[in-house]
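No lab work stands behind these numbers, since they all come straight from the coordinates. Source: prediction; values computed, not measured. Cβ atoms come from the backbone with ideal geometry, glycine included; neighbour counts cover every protein chain shown.
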Amino acid sequence: MDISKALTLDGWMREPELDYLAKQASTRKQIIEIGSWCGRSTVGMAANTRGVVTCVDTWGGSGAEHAKILDGKDPDWLWKQFLQNTLEFPNIQPIRGDSYTVGLHYTGPKADMIFIDGNHTYEAVSRDIRVWLPHLAPGGLLCGHDFSSSFPGVVRAVKELVRGAGPTGAGSIWARPL
């Protein structure tokens with residue numbers, strides 16, 4: 001697995017988490033990522049799949065969670081960072097929009113991997129799971145980030161809505177067993 005480029009990018013994804021995503025991506029063709037920030041996890045997956053990584057994000061941050069980081073920056077700063085960081089990967093297809101709205105209208109191919117790492121509130125994670133789960137192909141992998149006590153909304157939504165899901169042992173990555 002090659003995560004060298006991903007490790008140079010801004011983000012919160014740790015090396016064992018990137019390794020996990022890269023390994024999973026290496027066996028997938030249609031990956032949907034909900035929440036991409038500057039592209040750290042995106043690049044980790046795109047560099048290791050022979051398929052496509054479709055990224056859904058507003059590239060405006062998640063309200064209070066990112067307010068300090070984005071304060072005083074151009075409203076398109078995050079979007080421009082993402083585009084610059086992912087330029088060398090033609091297999092990345094960004095969709096700029098609210099994940100719930102995009103999910104309601106998504107007509108692309110079923111994904112064999114969906115990775116959820118958008119807004120971390122219970123309400124947002126619940127919406128993302130509900131709207132994107134129908135876009136997962138049979139036998140596909142549903143997983144996400146920040147399954148930890150620091151993000152109780154993520155833990156609660158995953159436990160309530162994704163039967164059998166839990167920590168993978170790779171940092172705070174959660175997954176539903178296949």
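Data overview
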item: Whole-number D in µm²/s for the chain (Stokes-Einstein; Kirkwood sum over Cα pairs; 20 °C, 1.002 mPa s); result: 134 µm²/s
item: Sequence ranges 168-176, 147-155, 106-114, ranked by mean other-Cβ count within 10 angstrom, highest first; result: 168-176, 106-114, 147-155
item: Anchor residue 5: aspartates and glutamates whose Cα lies under 14 Å away (excluding residues fewer than 8 positions away in-chain); result: 15, 19, 88
item: Total formal charge among the other residues, if their Cβ is under 13 angstrom from that of residue 11, Lys/Arg +1 and Asp/Glu -1; result: -4
item: For region 12-27 and region 78-152, distance of Cα centres in Å; result: 15 Å
item: GNM result for the chain, Cα springs below 10 Å: residue of 142, 18, 83 fluctuating most strongly; result: 83
item: Trypsin sites (Lys or Arg not before Pro) within region 21-53, DSSP loop, no more than 16 other Cβ atoms inside 10 Å; result: 29, 50
item: MRE, 222 nm, helices only [DSSP H, n ≥ 4, -39500 (n - 2.57), over the chain, to nearest 500]; result: -9500 deg cm²/dmol
